[in-house]
Amino acid sequence: MKNSFLVRTEKELETAGAALANTLVVPGAIVFLEGQLGSGKTTMCRGILRGFGYKGVVPSPTYTFVELYELAVQRLAHFDLYRLSSVNEVQTLGFRDYLDGETICLIEWPERGFEALPTPTIRISLEYRNLSRSIHIEKNISLSSHLR
């Protein structure tokens, strides 16, 4: 399944993320968020968290690499791989610990650790288009938590 649409504001981007949480994101999902710096990957993650009922601050985990959210209904791990210097560092983050079939993994900059990551169940690509953002969503059929 592939979908594409445009959003004009940060609020619309966050709302799109919340809608995804309610329709596509399921326990154990591996979600890749791709796009240039500042394209809205963290805002989309914030929306997904809002869709699961999270009300707090959603910082970019650029310096911590991972933020864990233990919600009443779901556990989410938000990764930002932008600062990785090698693919091997993915394993030092304890990534495999989150591949339990229940934890949703939101992964920004997956291309930095691509070889060490499982196949995504959802791929979200964000890009600037004039004064708006184009969102492309691709959902794979199978939920696979197996590493390549």
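The values are calculated or read from the model by the stated rules, or taken from the named source; none is laboratory data. Keep in mind that this is a model prediction, so the values were computed, not measured. For neighbour counting, all protein chains shown are included, and Cβ atoms are generated from backbone atoms with ideal geometry for every residue, glycine included.
You will find that of E127, E111, E67, the residue that is without any contact (Cβ under 8 Å) to a residue 12 or more places away in the chain and not β-branched (V, I, T) is E67 and no other. Being of a type in the set (F, W, Y), surrounded by fewer than 18 Cβ atoms within 10 Å (Cβ to Cβ) and within 14 Å of the chain's Cα centre (by Cα) is a description that does not apply to Y128. Of the residues making up segment 7-62, those that are among the polar types (S, T, N, Q) and farther than 17 Å from W109 by Cα are T9, T15, N22, T23. Considering segment 80-93, the residues that are surrounded by fewer than 21 Cβ atoms within 10 Å (Cβ to Cβ) and in contact with a strand residue (DSSP E or B) (Cβ under 8 Å, 6 or more places away or on another chain) include one that is farthest from C45 (Cα to Cα), namely L93. Checking V66, V73, V90, V58 one by one, the residue that is farther than 18 Å from I30 by Cβ, of a type in the set (A, V, I, L, M) and in contact with a Leu (Cβ under 8 Å, 6 or more places away or on another chain) is V58 and no other.
Restricting the first member to segment 20-34 and to residues that are modelled with pLDDT under 85, and the second to residues that are part of a loop (DSSP other than H, G, I, E, B), the beta-carbon pairs closer than 9 Å and six or more apart or on different chains are N22/F52; L24/M1; L24/T121; V25/F52; V25/Q74; V25/T121. Taking segment 5-54 as the range and being surrounded by fewer than 21 Cβ atoms within 10 Å (Cβ to Cβ), within 19 Å of F79 (Cα to Cα) and acidic (D, E) as the test, only E34 passes.
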